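Okay, structure first, notes after.
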Amino acid sequence: MNFFKKRLPLLLAFFTGWLAVILDYIPHQNGEALMTTITKGLIIIGAVTAFMGIYGLLGHHYLKMKRKNEGWAYSLLVWAGFFIMMLFGIYNNGEWILKPQAEVGGVSWIYEYIFNPCQATMFSMLAFFIASAAYRTFRAKSIEAGILLVAAIIVMIGQVPVGILISERLPDISQWLLDYPNLAVKRAIFFGIALGGVSTSLRIIFGIERAYLGGE
Amino acid sequence: MRNLFYLIFNFFLLTPCLLFVFTSVFTSVMTMTITTTARGEVDVLVPLTVPEGLQLIDKPNDNGQALMLLWKKNSSANSSAPENDKISYEIIIAENQNGPFFPVGKIIAPFKTKYDFPQLFGYAKENKEYYAFEIKGYTKPNEVKAGEVKEGEKPKTTDVLLSPNVTYYVKVKVLEEISTTPLKFNEKELNEVLSATTKGNWFATNKTNSVLILIFLTVVIMLYIYWAQRNPHGLFIRKIAGLDAMDDAIGRATEMGKMALFVHGLRSVSDVPTIAAMNILGRIARKIAEFDAELKVSHWDPIVQQVSQETVKEAYIEAGRPDAYKEENIFFAAGDQFSYAAAVEGVMVREKPAAIFHFGYFYAESLLLSETGAQTGAIQIAGTDAFTQIPFFITTCDYTLIGEELYAASAYLSREPKLLGGIKGQDVGKVAIIAVLILGTIFTTCGWERFSQLFWP
């Protein structure tokens, strides 16, 4: 049992990990074919787990409704939305499920007139959230916060047309801040991320990091 | 005296002139071609730029589905400049020497040189002296039975990609635009038939530097892991406030009797940030199981959800609390970015978790999630390598793990010497990169680019 729960996953991680690394250096058509097969395997796993995800989602909301948890009505909405969309998908504007999904009909109507506006609403909330987050951050409580505040004001004003009216050099200063100090920090973070990625991958491939298996 | 003058004049001035005229006429006659217009009428006799040193080779570092046509920059004084946009080359290809030949395409100025394909030919300056064109496929007319094509209808064609291990024959036709209205070309098909066989390569030589760097990093990291196991007390890892605060956050959730929420990012299980987040989840789940608090984990991807369920379950078993594990708490929220944000925000607002952990790769939803979390009053710890989202987490969360700290978190939390050794090895890699950057800057500033080119793809 220990072999299937601990040793086998570690062996699989070792072989598939190195295989993926080696295949990256092999442009040969056989290497490409092997990589395509592995990718197809991932797609199949994805398709199977999608059903498990749906099962988990509906089960999670069913329990909420059953226990009458706070906001259980939203769970009812999840169930209703799921089955209404599925029924329209099966009906497929009179073409039923064996034909490709129709471009007009219930599914596209729900997508266009309910789903898309909801998404746009969520996205538009970002503007207000940015304002409230910026207010909290830009209070000059320390020297660092003060520098951040000044830099942020220069960049913000330099990016809008009024910036050039205040000073012709403001857009240039703003661009300089973005092109030099900002880019330098970005690249430093990027180097760290790349090395961290390599280090984590090696720890997993060699079975040193096992936290994803649940143990030490 | 006068005769002598005429003699000198004739010899030194007229003779070269006559020689020049004679040579020009002779060269023109030798390179003259008969120009045919679209209507098939004989037009004028014009000299054409013939590509010198034509070569057809198998494309290096590929899967065996491309060829490269190379030719020298034209140095002939009498020919048009190679960059002349009036000159173009038409390439035709066949699988048999005798045809049938099918069109590959037209090469129009400005032509690419071998130097423009450094992954294939390197960065040698001589590469600027050769033009290069990649042949990936050709257009083949569909086979039709007699009477199937109506009059005036264009025959249908199929784009065919080159196959590996096949010998292809290529012919070049030189075209020179002699008039734009109406469009007229002076054209000449070269007699030479070039041939080459496509072959797949077993090693991408352009990635040699990458292999060497990978070997170097692997050796360094493994050496440090080995060294750390032998000297577990000889390691110093700087304090990471966000990770030190994790115990406090879990303790707060336990004391308040509220749950802790772990929010996964929007990447699949095959991505390193998701795996790093999974490692952290394993550590957090173990602590939560020990503290007897409640943990909920939200997911955007069903595969990540399945892996999370196993990770958390194993952590609860390791902590000796398998009874406390609730599968429904490791839930799939939504498969769409903003639906996911809305679902998780709903959980935050309704259930008011005491601690929220955001780990993984995030996009625009990062601020929606963390700002809502901040408004609920939860202690928030975030970790991401998405550097466009780091500022949003810094402004809204109590602690933020920036970039590589996300990858170091699991090792830091476990305090295991062999894991910490990996972080040390990673630091040595960083020192090496800094050294290369400094040297590269100095050498490039001094005009010696060869050092930097060693690290280019």
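Taking other Cβ atoms within 10 Å as a rough exposure proxy, A:24, A:179 sort from fewest to most as A:179, A:24.
Applying 1/(1 + (r/R0)^6) with r as the Cβ-Cβ distance of residue B:193 and residue B:456 and R0 = 35 angstrom yields a FRET efficiency of 0.45. Close amide-amide hydrogen proximity is noted between residue B:178 and B:184, B:185, B:186, each under 5 Å apart and 5 or more residues distant or on a separate chain (H modeled in the peptide plane; Pro and chain starts excluded).
Just flag the GluC sites (Glu not before Pro) in region B:150-194 sitting in loop per DSSP whose Cβ has no more than 15 other Cβ atoms within 10 Å. Please report the intermediate quantities before stating the final value.
Numbers: sites: B:151, B:153, B:176, B:177, B:187, B:189, B:192; in loops: B:151, B:153, B:192.
Sites meeting the loop and neighbour criteria: B:151, B:153, B:192.
Three semi-axes describe the equivalent ellipsoid of region B:173-312; taken as square roots of 5 times the Cα gyration tensor eigenvalues and ordered largest first, they are 59, 26, 15 Å.
Go ahead and run the numbers for FRET between residue B:317 and residue B:108, Cβ-Cβ distance against an R0 of 56 Å, rounding to 0.05. Please list the in-between numbers first.
Values: r = 67 Å, r/R0 = 1.20.
E(calc), rounded to 0.05, equals 0.25.
Projected over every direction and averaged, the convex hull enclosing the alpha-carbon atoms of region B:150-191 yields 5.8 nm².
Report, in debye and to the nearest 20, how large the dipole of the protein assembly as shown comes out about its Cα centre when Lys and Arg carry +1 and Asp and Glu carry -1 on their Cβ.
Numbers: 60 positive and 62 negative charges, 209 e Å.
That gives the protein assembly as shown a dipole magnitude of about 1000 debye.
Points 7 angstrom from Cα along the Cβ direction at residue B:72 and residue A:38: gap in nanometres? Computed distance between label sites residue B:72 and residue A:38 equals 4.5 nm. Simple rule: put +1 on each Lys or Arg Cβ and -1 on each Asp or Glu Cβ in region B:378-457, find the dipole, and look at B:448, B:412, B:379; the Cα lying farthest toward the positive end is B:448. Identify the trypsin sites (Lys or Arg not before Pro) of region B:133-222 meeting these criteria: DSSP loop state and at most 16 other C-beta atoms within 10 Å of the C-beta. Sparse-neighbourhood loop trypsin sites (Lys or Arg not before Pro): B:136, B:145, B:150, B:156. Between residue A:3 and residue A:90, the simple label model (points 7 Å from Cα in the Cβ direction) yields a spacing of 4.5 nm.
Take every DSSP beta bridge whose two residues both sit in the protein assembly as shown, then give the antiparallel share in percent to the nearest 5.
Working: 46 of 68 bridges.
About 70 percent, rounded to the nearest 5.
Ordering B:105, B:144, B:210 by the projection of their Cα atoms onto the charge dipole of region B:87-215, which places +1 on the Cβ of Lys and Arg and -1 on the Cβ of Asp and Glu, puts B:210 at the extreme positive end.
Of all lysines in the structure, those lying under 24 Å Cα to Cα from residue B:430, and not within fewer than 8 positions of it along the same chain, are A:186, B:207, B:239, B:418. For residue B:61, nonlocal amide neighbours, meaning residues 5 or more places apart or on other chains whose placed amide H falls under 5 Å from its own, are B:205.
Step through the table entries B:296/B:352; B:154/B:188; B:156/B:184, compare each Cα-Cα distance with 20 Å, and write down the pairs that go over it.
Details: B:296/B:352 12 Å; B:154/B:188 26 Å; B:156/B:184 26 Å.
Long pairs (Cα-Cα over 20 Å): B:154/B:188; B:156/B:184.
Each of B:441, B:376, B:400 was scored by other Cβ atoms within 10 Å of its Cβ. Listed from fewest to most, they are B:441, B:376, B:400. Between residue B:177 and residue A:99, the simple spin-label model (points 7 angstrom out along Cα→Cβ) gives 4.9 nm. Look at the stretch B:420-432: the mean tally of other chain Cβ atoms within 10 Å of its residues' Cβ atoms is 4.
The residues packed around residue B:365, meaning those with a beta-carbon under 13 Å from its beta-carbon, carry a net charge of -2 if Lys and Arg are +1 and Asp and Glu are -1.
3J(HN,Hα) along region A:36-52, derived from phi through the Karplus expression 6.51 cos²θ - 1.76 cosθ + 1.60 where θ = phi - 60°, amounts to 4, 4, 4, 4, 4, x, 5, 5, 5, 4, x, 5, 5, 5, 4, 5, 5 Hz, with x in place of Gly and Pro.
Once the C-beta distance of residue A:176 and residue B:145 is scaled by a Förster radius of 60 Å, the resulting FRET efficiency is 0.30 to the nearest 0.05. Taking a quarter of the surface of the Cα convex hull of the protein assembly as shown gives a mean projected area of 48.8 nm². Among B:264, B:233, a tally of other beta-carbon atoms within 10 Å of each Cβ gives an order, fewest to most, of B:233, B:264. Projected onto the charge dipole of region A:138-216 (+1 at Lys/Arg Cβ, -1 at Asp/Glu Cβ, origin at the Cα centre), which of A:189, A:167, A:205 gives the Cα projection farthest towards the positive end? Result: A:205. Stretching residue A:150 away from residue A:165 to a fully extended chain increases their span by 3.6 nm, per 0.36 nm per residue minus the current alpha-carbon distance.
Each reported figure results from applying straightforward, stated rules to the coordinates on display, with no laboratory input. Keep in mind that what you see is a predicted model, and the values were worked out from it rather than measured. No Cβ is skipped: glycine too gets one built from the backbone with ideal geometry, and neighbour counts run over all protein chains shown.
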